[in-house]
Every structure is written in C-alpha cells, then in structure tokens.
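Let me begin by presenting the structure, written as structure tokens, before commenting on it.
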Amino acid sequence: MNTLKTTFLLTLMTLLLLAAGAAFGGRSGMMVMLLISIGMNFFSYWYSDKLVLKMYGAQEVTAETEPGLVRMVANLAKKGQLPMPKVYIMDTDVPNAFATGRDPEHAAVAVTSGIMRALTPEELEGVVAHELAHVKNRDTLISTVVASMAGVITMIGDMIRWGAMFGMGRNDDEDNGGGIVGMVAMAILAPLAAMLIQMGISRSREFSADETGGTLCGNPLALASALTKIEQYSRFRAMPDATPATAHLFIINPISGAGAWFMNLFSTHPTTSARVEKLQELARRMRR
C-alpha cells in the first residue's frame, strides 16, 4: 500500500513540476521540468534521506561514542524485529527527533542533543520507539521523498514569483497564453499544493506510529509525557534551519514556535492533546 502511495505522490509532484515549467516557459519549460522531475524521482528514492540528515547537521554516533542511546535503539529494534538502524544526533538544544530511510534495511533515527537532556530515559525510549514505528510501518520513504520534492517545488514557486516580478516567462500568445497570470498562479498554488500533500499523508500516520511505538516500548504514558514536554519547548523556540518541507518528518512540528501561527494552519501533525488522549486510552487497554 505504501508503495502505491509513494508512486502516486511522485507522480503528483511530477505533474506539479510540469505545470510550473509550462507556466514559466511553455512547452520548452515543461520539457525541462520533465527531465528535472525524472532526475528528482531517482534522487528522492535513493538519496533523500542523506540530504535531510545533512540539512540538519546530523552526525552519526556509535556504541563507543553514545553507548546509552545506541543500546536503547538496538534493544527496541530487536524487540520490533527490525534491522539495526543508523543512529544520529543533531546538535541543537531544541528537543525533537525523526526517522528516515527508504526501507527498514536503510533506516536512520536522528535525535537532538536537547531531547537527550530534556527527557527521562523512559520518555526518550518512547520517542525512539515512535520513530522506529515509522520505520516498521514503512512510513519513512514517503515522508522523506515528499520532504525533498516539496522543498524543490517551494523553491520553484519562489523562482516563478521573482520571474513574474521582472517580467520573465511566457508571452501571452505562447502555447495558448497564460503568461504572467499563469506564473503567479503557479507561484502561489505549487507551494500550497506541496504543503497540503504533506498534511494529508502525515496526520493519521502519527497516530499509528504513537500506537505502535507505545506498544513497542511498553509504556504509552512515557511517550505521552515526552510529547507534552517537546511541545512545551516548541512553543517558545523553533528548531534552527527547520523548513515547512521537512516539518512532517519530526515527532513534533519543529517550526511551531512563537509567531508561527500561520504555519500551524497547515500543520502536518495532529494536536498533541489528541495524541496524548489516544496514548492514555492505549495504556488503559494494556492494563486490562
């Protein structure tokens, strides 16, 4: 099912790129974007996880450099019958985490240095279990592919906006018209469409990963407590270098800091209160 979703999303993103190319340069622009989209699809499948890790300055750690964290990941991976993923740390005080990789055999779990200080071991274990749940549920390929493609589409929208300001792009009589109006429309609609796609694929998956992660670690209330703490931090400080294109990767929206109210209209995450409520319900079921 996730393979079909990935194919559908890659196709949809490709069509958006073609529409942007047509708005900016007619048939020739569309052909250029077709070639770019083919290259992007290949790159997104094989290398987008490495791009996201590099974007956030994540450094790989080992059992020698971070024995506690690596042992925790290894124990949970074994419990979940998963291959051992690579483990990364992002050097920032803001607590957060994400998982990436095209499949369980090529997965990585990344946590911030801040989350290791802010949470108790039980809470951190809940967070790691949530991220491994994304790996187990094979969510990471879709998440990472969409992150890289949405970022490019947003960048193209910016380029079209600048082109429209300086009178670049198609003439009104080229390829049945469109011109500046088409450019401006794509500049607005392409990033919005990318954002809506992210939102549509992310919210239900977070609930699923919470349930799988809560079951995996055996302590859903610890995960609920961790989510509450991370959200409290995020209200006052956004994560450095976080972008809307990658926000859906994280366990809590990394750009939901003070002043980000507009971005919350397009949040890729369910409300933390709803997630906590479902985890509390899971804990009650597990005690029966």
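Taken together, the values in this text are just the output of simple stated rules run on the coordinates, not laboratory data. As the structure is a prediction and not an experimental result, all values here were calculated from the model. When we count neighbours, we look across all protein chains shown, and the Cβ atoms used for this are built from the backbone with ideal geometry, even at glycine.
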Through the Karplus equation 6.51 cos²θ - 1.76 cosθ + 1.60, θ set to phi - 60°, convert the phi angles of the range 205-222 into ³J(HN,Hα) values in whole Hz; use x for Gly and Pro. 5, 5, 4, 5, 5, 4, 5, 5, x, x, 5, 5, 7, x, 9, x, 5, 5
Would you mind checking which residues have amide H under 5 Å from THR112's amide H? H placed 1.01 Å from N; only 5 or more apart, or other chain. MET90, ASN96
Exposure-ranked with fewest Cβ neighbours within 10 Å first, LYS78, LYS136 stand as LYS78, LYS136
Exposure proxy check on TYR56, TYR47, TYR233: fewest-to-most Cβ neighbours within 10 Å is TYR47, TYR233, TYR56
Report the gain in length on full extension from ASP103 to LEU12: 0.36 nm times residue separation, minus Cα-Cα distance, nm rounded to one decimal. 30.6 nm
Förster radius 22 Å - calculated FRET efficiency between ARG237 and ALA283 (Cβ-Cβ, nearest 0.05): 0.15
Return the FRET efficiency for the residue pair ASP91, TRP46: r is the Cβ-Cβ distance, R0 is 22 Å, and the value is rounded to the nearest 0.05. 0.25
Tell me the label-point distance for the pair ASN137, SER28, using the 7 Å Cα-to-Cβ offset, in nm and rounded to one decimal. 4.7 nm
